[in-house]
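This report refers to the structure that appears directly beneath it.
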Amino acid sequence: DAGVIQSPRHEVTEMGQEVTLRCKPISGHDYLFWYRQTMMRGLELLIYFNNNVPIDDSGMPEDRFSAKMPNASFSTLKIQPSEPRDSAVYFCASSSGGFGYTFGSGTRLTVV
Amino acid sequence: QKEVEQNSGPLSVPEGAIASLNCTYSDRGSQSFFWYRQYSGKSPELIMSIYSNGDKEDGRFTAQLNKASQYVSLLIRDSQPSDSATYLCAVRRATNFGNEKLTFGTGTRLTIIP
């Protein structure tokens, strides 16, 4: 298996622009998670899905953030409009439930 | 009080010695515990999981769990320079079916000195 695949690996954008991060989970995994990692706050859960349905989005910072999972093999995290404080590494992870997660390589987002 | 607490380090250990990493958690209902290793610039990688009190060994790694004390630890025997990384403790709460959320500590940075 190719693992969890995220794109892009790096994204530099200007404040106010829309940013879309993409994730393909491991085939057969029915849970998908979006995390954000910063030096100050560590790994923070933003939202997670079970069988393509959002279960817990309490970690989404504000209305500028949205996430979708239209099918079992694809998810997006969108930030509109982006702000410099959104700069972080965004990880997608998947699992089959009951066990630990497998993380993707992450997207390093820089908002200038 | 943070849900999952770790000493941020850095923790420096001579090569060949035992590295001991500690983690405490606040929710007594937590049932599943994990250790992840994260190299600089890379994603977290699962190295150990533990679900019941006691020790669990896997090669040079031993995870220890004490639910009464709300304490999880990771021991790395015969430490190697390649073990230098940040180690993240993660905890899953006991909740209703379908809640798979892991809460992570901020990690302990470990440096193995040759």
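The values are calculated or read from the model by the stated rules, or taken from the named source; none is laboratory data. Please read these numbers as outputs of a predicted model, since none were measured by experiment. We place every Cβ from the backbone using ideal geometry, glycine too, and count neighbours over all the protein chains shown. Note: accessible area is taken over every heavy atom of the protein model, side chains too, but ligands, DNA and RNA are not part of it. Shrake-Rupley method; radii C 1.70, N 1.55, O 1.52, S 1.80 Å.
Couplings 3J(HN,Hα) of the stretch B:63-70, computed from phi: 9, 10, 10, 10, 5, 5, 8, 6 Hz, in residue order, whole Hz [Karplus 6.51 cos²θ - 1.76 cosθ + 1.60, θ = phi - 60°; x for Gly and Pro]. Within the listed set B:R37, B:R93, B:R28, the residue fluctuating most in the Gaussian network model of chain B (springs between alpha-carbon atoms under 10 angstrom) is B:R28.
Considering only B:K56, B:K101, B:K67, give the residue with the highest GNM mean-square fluctuation for chain B, with springs between Cα atoms whenever their separation is below 10 Å. Comparing B:K56, B:K101, B:K67 in the GNM, the peak value goes to B:K101.
The alpha carbon gyration tensor of the stretch B:10-68 gives principal lengths a ≥ b ≥ c with a/c of 1.5 or higher and a/b greater than b/c, which makes the shape prolate.
Normalised radius of gyration (Cα atoms, divided by 2.2 N^0.38 Å) for the stretch A:35-94: 1.11. Beyond 28 Å, what share of the Cα-Cα pairs of the protein assembly as shown is found? Please give it as a whole percent. Here the tail beyond 28 Å accounts for 31 percent of pairs. Largest accessible area first, the listed residues B:R92, B:R60, A:R108 line up as A:R108, B:R60, B:R92 when surface is computed with a 1.4 Å probe on the assembled protein chains. Taking chain B as a Gaussian network of alpha-carbon nodes connected by springs under 10 Å, the highest mean-square fluctuation of the residues B:V13, B:V91, B:V72 belongs to B:V13. Within chain B, DSSP assigns beta bridges of which about 90% are antiparallel (rounded to the nearest 5). Dividing the convex hull volume of the alpha carbon atoms of chain A by its residue count gives 94 Å³ per residue. Considering only C-alpha atoms, what is the centroid distance from the stretch A:32-75 to the stretch B:47-81, in Å? Comparing the Cα centres of the stretch A:32-75 and the stretch B:47-81, I get a distance of 29 Å. Rolling a 1.4 Å probe over the protein heavy atoms gives chain B an accessible area of 49 Å² per residue. Entry comment: accessible area of chain A is 49 Å² per residue, from protein heavy atoms only and a probe of 1.4 Å.
Computed on the Cα trace of chain B, the radius of gyration divided by the Kirkwood hydrodynamic radius gives Rg/Rh = 0.97. When the accessible area of chain B is split by element with a 1.4 Å probe, what percent falls to carbon and sulfur? About 46 percent, which is the carbon plus sulfur part of the accessible surface. Ordering A:S7, B:S32 by accessible surface, largest first, gives A:S7, B:S32; the 1.4 Å probe counts only protein heavy atoms, with every chain in place. B:K56 to A:S7: FRET efficiency via 1/(1 + (r/R0)^6), r the Cβ-Cβ distance, R0 41 Å, to the nearest 0.05? E(calc), rounded to 0.05, equals 0.70.
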